[in-house]
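Data block below; observations after.
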Amino acid sequence: MKLFKHRGDIYISKSGYKSSKEERILLSLLAVIVLVTLALLVLMSNKYSSFTEFIAGDEVTVETTQPVGEDDILSMPKISGKHNFLIYETDNEQSAIHYAYLLQVDGDSLAYKACALNPGMKIDGKTLYSIYSTGGGAALMTQMTALLGVDIDFFVGFDKNSFIEFENKLGSFIYPSATDVDYSGGTDDDAYSVRLRVGEQPLQGVEVSNLLRYFTSKTKEYSRANEIILYAYTGLFNTDNYNKGEYLFRTLVTSATTNITVRDYENNKNVLYVFSNKNTDVTVYSCVPKYEGKELTQQSVQEIKGYFSK
């Protein structure tokens, strides 16, 4: 009698002992085959990423998907607007202006625009220093706005030591110099020297200060000064400095004379974020001034106005 307690039970007849023995052998072989197959699958999974790669070997290229970073997923914030700055450096006694330049941060077209000025230039017969000595950076900004017919929003003024200290906190940037420069000049109590070699050179505080002074007051190579300014901003406005932006802003307002407020900083964090992340991908424009004597020509005034209008 055959009795099946459950579906799938196996019945072995006592009268079929030989047949039963053969079945046991077959089952043992099947178990061995299963174990060997599992072992091979484990080995294959360690060596090959897919069954296709195992079959085709070197004839296929297996592509792996790289994880997408958070920065790739999040889009940049929308920014707009243009802000004009007047930036200058004096000697440590604030008795002379070493250099001055205009800078526009253009959020509409994602661009920097720079115009290095002659520090000895005159506005309505008055030198920049004479204007500065009577009203500081605010007076310089007001007079420059009237001369150019464009709104200058902010001024930032350093003495030399303060600029060097602040710029060193930002780090260095690479400037590809087209020529060698070897010069020593200035007065006994306000001397400076420039040492620059052809090729890519790292620049930091003292080099930037002396080169801007040299190119704007000694050789009048305003285009070279603009190059240094633009390489500085595209190189130093980066993600590392953005991440320590609050510290750098506090350092700025304690190191320089400026009308930039905490509210201005907070209101423009998106602009700083985009420019810092775009970094060297930002478009740059160099505006080269032209002088007749110590004063800007009317044509140059119109050109500067074209660059810095809003």
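Just to verify a result, which residue in the range 272-292, among those that are closer than 26 Å to Thr219 by Cβ and free of Cβ contacts under 8 Å to residues at least 40 places away in the same chain, is most open to solvent (accessible area, probe 1.4 Å)?
By that ranking, first place goes to Glu292.
Of all residues in the range 142-163, which are under 18 Å from Ile97 (Cα atoms), open to solvent by less than 30 Å² (accessible area, probe 1.4 Å) and either of a type in the set (Val, Ile, Thr) or part of a helix (DSSP H, G or I) (or both)?
Hits for the range 142-163 are Met144, Val156, Lys160, Ser162, Phe163.
I'd like to know if the range 151-167 contains one or more residues that are over 22 Å from Thr258 (Cα atoms), at pLDDT 95 or above and not hydrophobic (A, V, I, L, M, F, W, C).
Looking for residues that are over 22 Å from Thr258 (Cα atoms), at pLDDT 95 or above and not hydrophobic (A, V, I, L, M, F, W, C), one finds none in the range 151-167, hence no.
Report yes if some residue within the range 108-117 is farther than 30 Å from Thr283 by Cβ and surrounded by fewer than 22 Cβ atoms within 10 Å (Cβ to Cβ); otherwise report no. Spell out the reasoning first.
At the first step, the residues of the range 108-117 found to be farther than 30 Å from Thr283 by Cβ are none.
No.
Quick check, is Arg250 open to solvent by 50 Å² or more (accessible area, probe 1.4 Å) and free of Cβ contacts under 8 Å to residues at least 12 places away in the same chain? Spell out how you get there, then give the answer.
Working: open to solvent by 50 Å² or more (accessible area, probe 1.4 Å): yes; free of Cβ contacts under 8 Å to residues at least 12 places away in the same chain: yes.
So Arg250 fits the description; yes.
Yes or no, residue by residue, for (1) more than 22 Å from Asp159 (Cα to Cα); (2) open to solvent by less than 30 Å² (accessible area, probe 1.4 Å); (3) in contact with a helix residue (DSSP H, G or I) (Cβ under 6 Å, 6 or more places away or on another chain):
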position: Glu200; (1), (2), (3): yes, no, no
position: Glu207; (1), (2), (3): no, no, no
position: Leu212; (1), (2), (3): no, yes, yes
position: Ser217; (1), (2), (3): no, no, no
position: Ser223; (1), (2), (3): yes, no, no
position: Ile229; (1), (2), (3): no, yes, no
position: Gly235; (1), (2), (3): yes, yes, no
position: Asp240; (1), (2), (3): yes, no, no
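The values are calculated or read from the model by the stated rules, or taken from the named source; none is laboratory data. Here the structure is a predicted model, which is why all the values come from computation and not from measurement. Glycine also receives a Cβ, built like all others from the backbone with ideal geometry; neighbour counts cover every protein chain displayed. What goes into the accessible areas is simple: the full protein's heavy atoms, side chains included, and nothing from ligands, DNA or RNA. Shrake-Rupley method; radii C 1.70, N 1.55, O 1.52, S 1.80 Å.
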